[in-house]
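> Quick one: this structure, given as structure tokens, is what I'll be asking you about.
The values are calculated or read from the model by the stated rules, or taken from the named source; none is laboratory data. All values derive from a computational prediction rather than experimental measurement. Positions of Cβ are generated from backbone atoms using ideal geometry, with glycine treated the same way; all protein chains shown enter the neighbour counts.
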Amino acid sequence: MKTMLMTVMLVLSLTACGGKSEAEKERETESGRGTVTCSGSAMSGEAGLPADFPEIEGVTYVESEMNGPTQVVDGFAEQGLEDLYDAFNSGFEDAGYTVLFNEREEDDAEVSYRTKDGSTEGQVALRSCDEDKTSVHITARPE
């Protein structure tokens, strides 16, 4: 009984801390799940994605940073998950990219890609913010 009480107290205290540590954020980024961004101001400058990366209408990039050798770009789109998922798949096909893996579920989707020249691989992770807005998290890593 005492062990169970201690476990419950530990869980409650950890839950009360809130927020994510830098290590948790890094693991999340590496897993492809990434940050969920549903609003924000458009960033200035280049996102750092490959030059021939598909430009999807309505996507606003709000942050871009290097995490080791990986370019990580976060943003959102004023469109639903299904439409955005289809747009990225079509965009990659039109650009001559190889889609390595894609999956769409009710509230999230992923599309893993390799550039036409094979120099970069990455993933687009989409998370539904609401019916007409979707979070976009993109990674691009040199091969």
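> Which numbered condition trips up THR35, out of (1) within 16 Å of VAL124 (Cβ to Cβ); (2) modelled with pLDDT of 95 or more?
Among (1) within 16 Å of VAL124 (Cβ to Cβ); (2) modelled with pLDDT of 95 or more, the lone unmet condition for THR35 is (2).
> Which condition number in (1) farther than 15 Å from GLY34 by Cα; (2) surrounded by 17 or more Cβ atoms within 10 Å (Cβ to Cβ) is the one that ASP86 fails?
(2)
> Give the residues of segment 97-139 that are outside any strand (DSSP E or B) and either surrounded by 17 or more Cβ atoms within 10 Å (Cβ to Cβ) or touching a residue at least 40 places away in the same chain (Cβ under 8 Å) (or both), sorted by residue number.
Once the filter is applied, which keeps residues that are outside any strand (DSSP E or B) and either surrounded by 17 or more Cβ atoms within 10 Å (Cβ to Cβ) or touching a residue at least 40 places away in the same chain (Cβ under 8 Å) (or both), segment 97-139 yields TYR97, THR115, LYS116, SER119, GLU131, ASP132.
> If you go through segment 72-94, how many residues are over 18 Å from ASP130 (Cβ atoms), in contact (Cβ under 8 Å) with a residue 24 or more places away in the chain and out of contact with any Pro (no Cβ under 9 Å at 6 or more places or on another chain)?
2
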